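Structure, as structure tokens:
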Amino acid sequence: MTAVRNEDVISPQQAVTLHGLFLERVRRSQDKIAYRYFDNRQSVWVDLSWGQMLEQVARWQAALAQEGLAKGDRVAIMLRNCPQWVMFDQAAMSLGLVTVPLYTVDRADNIAYIVNDSKVKVLLFETADQWQELSGVLGQMDCVQRFVSLDEFRHNEPRLAAAPKYLLTPVAELQPAVRCECGELASIIYTSGTTGRPKGVMLSHSNMLSNTYDAMATFTVRSDDLLLSFLPLSHTFERTCGYYLQVMTGATVAYARSIPLLSEDLKIIRPTILISVPRIYERIYGSIKNALAEGSPLKRKLFDLAVEVGWARFLHEQRRGGWKPAFLLWPLLQKLVAQKILDRLGGRLRTTVSGGAALAPDISRVFVGLGLPVVQGYGLTETSPIVSGNKLDNNFPDSVGQPIRGVQVKLGEQNALLVKGPNVMMGYWNNPEATRAMIDADGWLNTGDIARISETGHIYITGRLKEIIVLSNGEKMPPADMEAAILHDPLIDQVMIYGEGRPYLVALAVLNPEVWPQVAAKVGVRSDMPESLTDTNVEAKVLRRIARNLSGFPGYAKVHRVLLLREPWTIDNGLLTPKLSLKRDRVVAMYGQQIEDLYRGH
């Protein structure tokens with residue numbers, strides 16, 4: 001493993017706890033810029049130093065101390081990414097409290113379940129709109145003794161206080177932290193399961209500190225790095241990589257304003273590191289494909305040549321390919337093609353990390369070929385979350401890399417990937433049965449993912465044990481892989497493959513509202529008419545497009561019928577989890593009759 005090159009890194013032994021990590025960073029870097037955020041009231045970007053952050057943590061600590069909470073009590077954070085997320089988290093941990101992160105986009109009934117299940121005492125949220133959602137489930141959250149809102153608005157709830165008044169004094173002195181050991185519970189993070197109620201993953205201070213530190217042997221972060229944070233901090237991937245990793249290394253984090261403004265923020269902030277999920281790369285890739293489709297043949301040829309030459313250069317640099325005369329064209333191709341695309345991402349990216357789901361190999365090939373240093377990793381909430389990652393100098397983009405330092409992996413029954421190490425969770429909150437089903441007596445955690453491990457130790461995720469479709473003829477198909485391939489088509493925004501126990505596969509596809517009218521016009525139907533979605537010529541054309549994207553799959557992995565939809569699947573309509581995973585059972589329930597119609601007469 002490559003040694004950690006940042007000499008200012010704080011070790012888990014020096015930190016002991018996550019609050020100890022923060023205090024040590026303040027001691028070392030008091031005047032250095034820690035966070036950058038956009039002040040909507042003044043319409044300006046604002047910097048906060050570590051010393052200023054400490055002052056605000058002290059104010060939150062003083063306010064929380066008035067609640068009379070005991071060590072181990074739970075408090076919840078329901079904020080978009082902002083400095084107050086960190087302030088509240090650190091203040092809570094200084095008092096020995098356990099933080100429960102909540103998704104701002106989650107459904108109210110799900111939030112009420114989590115709050116009630118973990119017996120949250122204080123819940124911090126942001127806006128009047130959020131309060132309106134919460135108001136409908138207040139009767140299910142009797143355990144909460146205090147709601148705190150960042151914004152001020154009119155209400156009649158005695159338990160609700162606005163932060164400007166809740167923070168008792170403009171200046172406070174941080175009190176010594178409640179004594180806490182590294183192995184004690186730090187946070188309960190609820191997994192947004194695609195079926196059933198979410199389970200509370202218990203992570204200790206040691207779980208998250210060790211995972212953050214050990215990951216740096218694979219993924220180097222320097223004290224002069226600038227990260228742009230846009231994935232929700234309620235997601236363990238962002239919390240570890242976009243928060244604790246930054247504190248451990250002394251880097252600076254800028255909080256993006258929103259996903260719709262992400263393209264603009266990338267150009268303004270010009271980050272050196274980007275932590276992302278595949279969907280962001282897929283969207284950029286989709287916009288590139290659309291632009292190329294409307295451009296000249298020469299433009300498309302130049303793009304393809306740039307990717308081809310760039311990919312060959314990448315393999316050569318990785319010592320997996322020879323030198324080619326075409327490399328002499330790279331300075332020109334870089335100027336005409338690659339740099340224009342990289343400039344849209346700020347132009348300074350030293351590393352981009354993709355995690356949370358699989359990044360399609362052909363998409364990573366495009367970005368790597370254009371000179372964007374994409375490294376893919378793998379993990380899950382139950383492993384704090386990082387299990388493996390690729391190094392920049394040992395990067396196999398179609399794999400999820402090698403295990404990080406301190407983590408062991410092996411294959412179990414049905415080639416399930418098993419994980420063991422200091423990052424493995426303490427267990428599920430109030431659910432010992434689920435814990436035993438996940439972690440065996442020897443400490444091996446079953447990820448539920450099917451994998452293979454190469455001779456070089458690189459891990460390749462090949463499917464999910466619970467997400468294999470078995471047709472009535474016994475053939476097995478991985479729906480997630482097929483769906484990822486189908487989503488390369490700019491016509492299709494969302495897709496789900498269905499066929500368990502059926503004679504053939506069908507697809508449910510949500511159409512892109514910008515591309516669909518163009519396709520409809522070519523077929524000769526009006527895109528705004530409901531009957532256009534069931535037109536046999538339209539279905540035949542879409543099936544041909546799907547078949548092209550599935551050409552690399554076995555012949556039996558063929559979609560025979562497709563249900564075309566305009567209404568997107570969202571968190572609000574209950575078809576997506578807060579982590580944007582598809583709730584397959586809900587989709588099937590909603591479109592049950594239409595699905596049956598796809599099998600009728602065949």
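The values are calculated or read from the model by the stated rules, or taken from the named source; none is laboratory data. From a predicted model like this one, the values you see are computed outputs, not experimental measurements. With ideal geometry, Cβ positions are generated from the backbone for all residues, glycine too; neighbour counts draw on all protein chains shown.
Quick notes on this one:
- Residues satisfying the stated conditions in region 220-237, i.e. hydrophobic (A, V, I, L, M, F, W, C) and either touching a helix residue (DSSP H, G or I) at 6+ places or on another chain (Cβ under 8 Å) or surrounded by fewer than 21 Cβ atoms within 10 Å (Cβ to Cβ) (or both): 221, 226, 227, 228, 230, 231, 233
- Among residues of region 136-162 being within 17 Å of residue 85 (Cβ to Cβ) and either among the aliphatic types (A, V, I, L, M) or surrounded by fewer than 18 Cβ atoms within 10 Å (Cβ to Cβ) (or both), the one that is nearest to the chain's Cα centre (by Cα) is 150.
- Set 588, 525: member being more than 30 Å from residue 189 (Cβ to Cβ), in the same structural domain as residue 507 (by TED's automatic domain parsing) and not basic (Lys, Arg): 525
- Residues that are surrounded by 15 or more Cβ atoms within 10 Å (Cβ to Cβ) and touching a Ser or Thr at 6+ places or on another chain (Cβ under 7 Å) within region 518-545 comprise 520, 525, 538, listed in sequence order.
- Among the conditions (1) touching a Lys or Arg at 6+ places or on another chain (Cβ under 8 Å); (2) crowded, with 23+ Cβ neighbours inside 10 Å, residue 387 misses just one, which is (1).
- Contact map, region 123-135: first residue crowded, with 22+ Cβ neighbours inside 10 Å, second residue not in a helix (DSSP H, G or I), Cβ cut-off under 6 Å, separation 6 or more or different chains; pairs are 123/76; 123/144; 123/147; 124/77; 124/148; 125/78; 125/149.
- Residues of region 319-347 satisfying the condition of being surrounded by fewer than 17 Cβ atoms within 10 Å (Cβ to Cβ) and either touching a strand residue (DSSP E or B) at 6+ places or on another chain (Cβ under 7 Å) or closer than 17 Å to residue 287 by Cα (or both): 339, 340, 343, 344
- One residue from 406, 443 being part of a loop (DSSP other than H, G, I, E, B), at pLDDT 95 or above and more than 24 Å from the chain's Cα centre (by Cα): 443
- Looking across region 410-459, the residues that are hydroxyl-bearing (Ser, Thr, Tyr), in contact (Cβ under 8 Å) with a residue 24 or more places away in the chain and surrounded by 13 or more Cβ atoms within 10 Å (Cβ to Cβ) come down to 428, 447.
- Test: residue in region 323-346 that is modelled with pLDDT under 95 and of a type in the set (Val, Ile, Thr): yes
- Of the strands (runs of 3 or more DSSP E) entirely within region 169-238, those holding at least 2 residues that are at pLDDT below 95 occupy 185-191.
- When residue 527 is tested against (1) in contact (Cβ under 8 Å) with a residue 60 or more places away in the chain; (2) of a type outside the set (A, V, I, L, M, F, W, C); (3) in contact with a helix residue (DSSP H, G or I) (Cβ under 8 Å, 6 or more places away or on another chain), only condition (1) is not met.
- In summary, residue 165 fulfils each of the numbered conditions (1) surrounded by 15 or more Cβ atoms within 10 Å (Cβ to Cβ); (2) without any contact (Cβ under 8 Å) to a residue 24 or more places away in the chain; (3) not acidic (Asp, Glu) with the single exception of condition (1).
- The set of residues in region 371-384 being surrounded by fewer than 23 Cβ atoms within 10 Å (Cβ to Cβ) and closer than 25 Å to residue 326 by Cβ consists of 371, 372, 373.
- Number of the condition not met by residue 31 [criteria: (1) under 19 Å from residue 166 (Cβ atoms); (2) acidic (Asp, Glu); (3) surrounded by fewer than 17 Cβ atoms within 10 Å (Cβ to Cβ)]: (1)
- Looking across 463, 355, one residue alone is surrounded by fewer than 23 Cβ atoms within 10 Å (Cβ to Cβ) and either in contact (Cβ under 8 Å) with a residue 12 or more places away in the chain or not assigned by TED's automatic domain parsing to the domain that holds residue 303 (or both). It is 463.
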